[in-house]
Amino acid sequence: MGLLGEGINEIIATTRKNAAPIGIIVKGDSARMVLFHGTHTIENIRKDGWVVANIIHDPVIYVKTAFDDLPDDYFISENAGDMEVQRLKDASAWIAFKAEIERESGGAAIVRLTQVAEKILDEGIYPVNRGFNSIIEATVHGTRYIMNHDPRLRELIDHHASLVRKCGGSREREALGLLLDYIKK
Ligand SMILES: Cc1cc2nc3c(=O)[nH]c(=O)nc-3n(C[C@H](O)[C@H](O)[C@H](O)COP(=O)(O)O)c2cc1C
């Protein structure tokens, strides 16, 4: 499956002038997304039929795109097969997919992805950092916490926040500050 690995790949999905962290589920040769109704990502896929997976190592981008919109100048257009798509300018790699809604249930749509292009832009090596990983975990919990303020989710966020403070670098600590502000609103 090209650049993606088996299991769930937590990438930044770009659609037309929109970005959000989304999991791409890879099983054997197939790739799918499960998208909650009401997200811009599913609405744009419905209209345009494409999505780009951006591989990026900046924790701040994960937090910002989970809760907010990015300015237009974070995006750049690319040709992928017969489509014009948009990716993040600072992505280390990007993979463009045709996206078709396979099934819809009450709250979510299952989207089948067919790869049309991929490109590696940065060959950098990124050692495992628990602070970065904890930003991803805390952000997942944060996107749910803002909907229900479940105290159990708050405990999980606080646990990951302490790992970010212990193991992260300045960019992880900046991302944590933003995350804590977003979930306060
Ligand atoms: C690491 C991570 C993975 C996520 N995976 C998904 C996912 O697979 N499907 C989904 O609908 N939302 C997922 N979310 C939540 C969305 O990113 C969040 O609802 C976002 O606000 C949607 O943005 P949009 O409205 O611009 O599409 C994930 C969040 C994080 C932090």
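The values are calculated or read from the model by the stated rules, or taken from the named source; none is laboratory data. Just so it is clear, the structure is predicted and the values come from calculations on it, not from any experiment. Positions of Cβ are backbone-derived with ideal geometry, glycine not excepted, and every protein chain shown enters the neighbour counts. Note: areas computed on protein heavy atoms with side chains; ligands, DNA, RNA excluded. Shrake-Rupley method; radii C 1.70, N 1.55, O 1.52, S 1.80 Å.
Just a few scattered comments:
- Applying the set (1) away from the ligand (no atom under 14 Å from the Cβ); (2) buried (at least 17 other Cβ atoms within 10 Å of the Cβ); (3) under 17 Å from the mean Cα position of the chain (by Cα) to LYS89 leaves exactly one unmet item: (2).
- Of all residue pairs spaced 6 or more apart or on separate chains, those with beta-carbon atoms under 8 Å, a first member in segment 36-49 that is of a type outside the set (A, V, I, L, M) and a second member that is open to solvent by less than 60 Å² (accessible area, probe 1.4 Å) and modelled with pLDDT under 95 are PHE36/GLY107; HIS37/GLY107.
- Any hit, segment 42-53, residues being open to solvent by 10 Å² or more (accessible area, probe 1.4 Å), under 11 Å from the mean Cα position of the chain (by Cα) and in the same structural domain as PHE97 (by TED's automatic domain parsing): no
- Selection of segment 135-156 for residues being away from the ligand (no atom under 12 Å from the Cβ) and either under 20 Å from the mean Cα position of the chain (by Cα) or open to solvent by less than 70 Å² (accessible area, probe 1.4 Å) (or both) yields ASP150, LEU153, LEU156.
- Conditions (1) open to solvent by 20 Å² or more (accessible area, probe 1.4 Å); (2) over 23 Å from PHE75 (Cα atoms); (3) not assigned by TED's automatic domain parsing to the domain that holds ILE55: number failed by LEU176: (1)
- Lone unmet requirement of (1) of a type outside the set (Lys, Arg); (2) closer than 28 Å to ALA31 by Cβ; (3) over 20 Å from the mean Cα position of the chain (by Cα) for SER170: (2)
- Residue among ILE25, ILE76 that is in a strand (DSSP E or B), open to solvent by 20 Å² or more (accessible area, probe 1.4 Å), within 14 Å of the ligand (Cβ to nearest atom) and without any contact (Cβ under 8 Å) to a residue 60 or more places away in the chain: ILE25
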